[in-house]
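> Dropping the structure in here first, questions after.
The values are calculated or read from the model by the stated rules, or taken from the named source; none is laboratory data. Computed from a predicted structure; not experimentally measured. Here Cβ is always computed from backbone atoms with ideal geometry, including for glycine, and neighbour counts include all displayed protein chains. When the accessible area is computed, the model is the full protein with side chains, heavy atoms only, and any ligands, DNA or RNA have been set aside. Shrake-Rupley method; radii C 1.70, N 1.55, O 1.52, S 1.80 Å.
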Amino acid sequence: MKPDIRNLTRTELETALTGLGEKPSHAAAVFLAVHRKGAADLAALPGLPERVCRALSPAFLLAPLPLPERLQTSRDGTKKMLFRFEGNAPAECVVLPAKDRVIACLSSQSGCACGCTFCATGALGLKRSLTPAEIIAQFEACLKEAGTLNSLVFMGMGEPFLNWENVQKAVRILSDSRGRHFPQAKMTVSTVGIIPVIEELTYSDLRVRLAVSVVAADEEQRARLAPMEKTYPLKRVLAAVRDYCRIRKALVMFEYILFPGVNDRPSDAALLARLVGDIPCRVNLIPYNPPGGPGGETPRVKEFQLELINAGVRTYLRVERGADIAAACGQLASQ
Ligand code: SF4
């Protein structure tokens, strides 16, 4: 089967055009036609000489972008879309309208292999990683629903750093000046702590922002909630993050889901503050939403926040959205 041209970055397209005996500079016009103008026929791309289209058509496919199978709207305006990609691989994306901006949350994989015990996606296991075109399809669907998007987060289904090659390509395609030109600095990639990719990102030319899911500061507890702790222990993850921040002069976001009575004790806040105190960061606190429905704030949420702030840690309490349609953090399971 011919490769889908939507999966190619501009650099890859330039190489392909050279291989076909055409000028690599045509890649810009191809990108514009495919990713911005929504061209549907590779044999008649607007703005390109017929000869170039004739060279591309036998080599590539321009498949229509997959459309969502279902759209749900939450009471708070959050929209969740379910895609069923090739091979019956489900994946969901979410549009989160806030007061002054709209955020799209995209999936990088159908299911997830990481097995975090609190996460509905983790319970599915991994079906497969998504292609760049499938990630772009989610972006386009979110853009169509929202009209405009201000930031993108890779915090949907899957561990983006276990599909880094394709996520990275999707980032390059979406941010390309001849494509959607969406700023990389407005994209956040969230990981449970895949150290080799954090290290790779440290030296990469990509400008995306990094978010790391702490889960629990105590290592035994973290291992129970996020089995990836056994492969990539938090202490080593934080060492990689420290280097990332120092070398890139960047700030990292830590995500911390508060499980009542599990990781929200004063001792947990103190340990967390000790672990991240020397890292330029912001800790996003997220009240836990069980897979079955909204969780909501416990009295400890605000106390925990205050304990971190008093320990000198910049902390933000995330207002969870879309819990009534299972679109909140940890709830995506293509139900
Ligand atoms: S929390 Fe993230 S890394 Fe863990 S199972 Fe869910 S999707 Fe995978």
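> Which of the residues belonging to the stretch 107-140 are open to solvent by less than 20 Å² (accessible area, probe 1.4 Å), among the small types (Gly, Ala, Ser) and within 15 Å of the chain's Cα centre (by Cα)?
Scanning the stretch 107-140 gives SER107, SER108, SER110, GLY111, ALA133, ALA137.
> State the number of residues belonging to the stretch 123-144 that are touching a helix residue (DSSP H, G or I) at 6+ places or on another chain (Cβ under 9 Å) and under 24 Å from ASN263 (Cβ atoms).
Within the stretch 123-144, residues that are touching a helix residue (DSSP H, G or I) at 6+ places or on another chain (Cβ under 9 Å) and under 24 Å from ASN263 (Cβ atoms) number 0.
> Output the qualifying pairs, or none if there are none: Cβ atoms under 9 angstrom, residues six or more apart or on different chains, first residue in the stretch 187-202 and within 13 Å of PRO233 (Cα to Cα), second residue part of a helix (DSSP H, G or I) and acidic (Asp, Glu).
VAL192/GLU229; GLY193/GLU229
> A further question on this structure: Residues that are within 25 Å of SER177 (Cα to Cα) and open to solvent by less than 80 Å² (accessible area, probe 1.4 Å): find the strands (runs of 3 or more DSSP E) completely inside the stretch 1-106 holding 2 or more of those.
By residue number, 89-97, 102-105.
> Additional query: Give me a count of the residues in the stretch 145-193 that are surrounded by fewer than 22 Cβ atoms within 10 Å (Cβ to Cβ) and within 19 Å of ARG101 (Cα to Cα).
17
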